[in-house]
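Structure record follows, encoded as structure tokens.
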Ligand SMILES: *Cc1c(COP(=O)(O)O)cnc(C)c1O
């Protein structure tokens, strides 16, 4: 049972859709597939423009930073992925200021406002919607609103790789919303997608930057249902399949509501057996628990109960475990995961097993108790 917050399991119907012979990308057949995929993508991102890139998610982060920052970036680092925005700036000699917090701490809105007010050079804000390093939800919508009120020309770049497909992200004040194939969209890795505001498109067209990650070139091509370079045809077919399934078979709102409820049931079940939820503001894409026993717990889960969950990275590598909620996770899988954790706590002598985790999970998930 793969319950890591990326990569997530690829559903069988998607694997089958991608199993056909490789298509030539410069054909009317593929252009039709690209068109349908693009329309679905525009809908789920809820932005006026969208671009698909043959790269992992980081490629889209780099493309947004380089194509939208002409002067200076403000980056939010509450974890590995926020830190990456700063590293991208460094690699491209782009001036930047970073707000650094512990990995369980969301960025403070006022801190962002103060920095923006005192530094007129800043023309982009780079932030995660969910910082996956600790499973943290940043107050992106509120920050975006405050920043736009100060200066509407500042581009808000939101990394939604573990948010798009998990929840409805309010894009009112966002200029770029990034996602990737191997998280909530349950595809193999290798495709990055991003939504853009009209203002972002204008800025991109005002000054063309880069070669492979030149968003101006891509926008021009993708509006004609083709790509500047060879398209990731197989992944595009997979993307069309999963997006149309989400839209037509599950429904966006239903998916978001179920994911939120499963995340809540998991948090409450684990809290009831004494687990400490790590982030101050947990996202619904994953549940992160802080415990010095994380490596032992993960080992027991994997060897005894066939549940594969993730650990941490860097300074909290051995201090957290993370359970995925993204994608088409079955309720019984999450229920089994919390049950296994309770059994592992018992085996490690941390707490005697009495079935509390499963009971609470079921009450919240199926009995509407809070
Ligand atoms: C996974 C992830 C990324 C992208 O990582 P890639 O390995 O390049 O796909 C970026 N941001 C967040 C928040 C992520 O979870």
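Residue-wise test of (1) within 24 Å of the chain's Cα centre (by Cα); (2) in a helix (DSSP H, G or I); (3) under 14 Å from residue 18 (Cα atoms).
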residue	(1), (2), (3)
201	yes, yes, no
204	yes, yes, no
218	yes, yes, no
226	no, no, no
229	no, no, no
235	yes, yes, yes
Condition set in contact with a helix residue (DSSP H, G or I) (Cβ under 8 Å, 6 or more places away or on another chain) and either in a strand (DSSP E or B) or without any contact (Cβ under 8 Å) to a residue 60 or more places away in the chain (or both), scope the range 273-285, selection farthest from residue 101 (Cα to Cα): answer is 277
Any residue that is buried (at least 24 other Cβ atoms within 10 Å of the Cβ), more than 10 Å from the ligand (Cβ to nearest atom), modelled with pLDDT of 95 or more and more than 22 Å from residue 96 (Cα to Cα) - is there at least one of those in the range 197-215?
no
Test result for residue 173, closer than 28 Å to residue 71 by Cα, away from the ligand (no atom under 16 Å from the Cβ) and in contact with a helix residue (DSSP H, G or I) (Cβ under 8 Å, 6 or more places away or on another chain)
yes
Do you know which of the residues in the range 148-170 that are buried (at least 24 other Cβ atoms within 10 Å of the Cβ) and more than 15 Å from the chain's Cα centre (by Cα) is farthest from the ligand (Cβ to nearest atom)?
155
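Go over the candidates 66, 58 one by one and state the one that is surrounded by fewer than 23 Cβ atoms within 10 Å (Cβ to Cβ) and within 13 Å of the ligand (Cβ to nearest atom). Even if it seems obvious, please write down each step before you answer.
Values: 66 fails: within 13 Å of the ligand (Cβ to nearest atom).
So the residue among 66, 58 that is surrounded by fewer than 23 Cβ atoms within 10 Å (Cβ to Cβ) and within 13 Å of the ligand (Cβ to nearest atom) is 58.
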Just checking, does the range 321-330 include any residue being surrounded by fewer than 20 Cβ atoms within 10 Å (Cβ to Cβ) and touching a helix residue (DSSP H, G or I) at 6+ places or on another chain (Cβ under 6 Å)?
no
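Filter the range 180-198 down to the residues that are in a strand (DSSP E or B) and either free of Cβ contacts under 8 Å to residues at least 24 places away in the same chain or touching a helix residue (DSSP H, G or I) at 6+ places or on another chain (Cβ under 7 Å) (or both) and list them by number. Break it down into steps so the answer makes sense when it comes.
From the range 180-198, those in a strand (DSSP E or B) are 180, 192-196; that's our starting set.
Correct list: 180, 192, 193, 194, 195.
Residue by residue, here is whether (1) in contact with a helix residue (DSSP H, G or I) (Cβ under 8 Å, 6 or more places away or on another chain); (2) under 20 Å from residue 312 (Cα atoms); (3) part of a strand (DSSP E or B); (4) more than 12 Å from the ligand (Cβ to nearest atom) holds:
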| residue | (1), (2), (3), (4) |
| --- | --- |
| 73 | yes, no, yes, yes |
| 82 | no, yes, no, no |
| 88 | yes, no, no, no |
| 99 | yes, no, yes, yes |
| 133 | yes, yes, no, no |
Please go through the range 101-130 and pick out each residue that is in contact with a helix residue (DSSP H, G or I) (Cβ under 8 Å, 6 or more places away or on another chain) and surrounded by fewer than 17 Cβ atoms within 10 Å (Cβ to Cβ).
109, 113, 117
Has the range 315-336 got at least one residue that is over 24 Å from residue 181 (Cα atoms), touching a strand residue (DSSP E or B) at 6+ places or on another chain (Cβ under 8 Å) and free of Cβ contacts under 8 Å to residues at least 60 places away in the same chain?
yes
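Out of 12, 29, 43, which single residue is within 17 Å of residue 327 (Cα to Cα), surrounded by fewer than 16 Cβ atoms within 10 Å (Cβ to Cβ) and modelled with pLDDT of 95 or more?
Values: 29 fails: within 17 Å of residue 327 (Cα to Cα); 43 fails: within 17 Å of residue 327 (Cα to Cα).
Going through 12, 29, 43 in turn, just one is within 17 Å of residue 327 (Cα to Cα), surrounded by fewer than 16 Cβ atoms within 10 Å (Cβ to Cβ) and modelled with pLDDT of 95 or more: 12.
The values are calculated or read from the model by the stated rules, or taken from the named source; none is laboratory data. Computed from a predicted model, the values in this text were never measured in an experiment. A quick note on method: Cβ atoms are made from the backbone with ideal geometry, for glycine too, and the neighbour counts reach across all protein chains shown.
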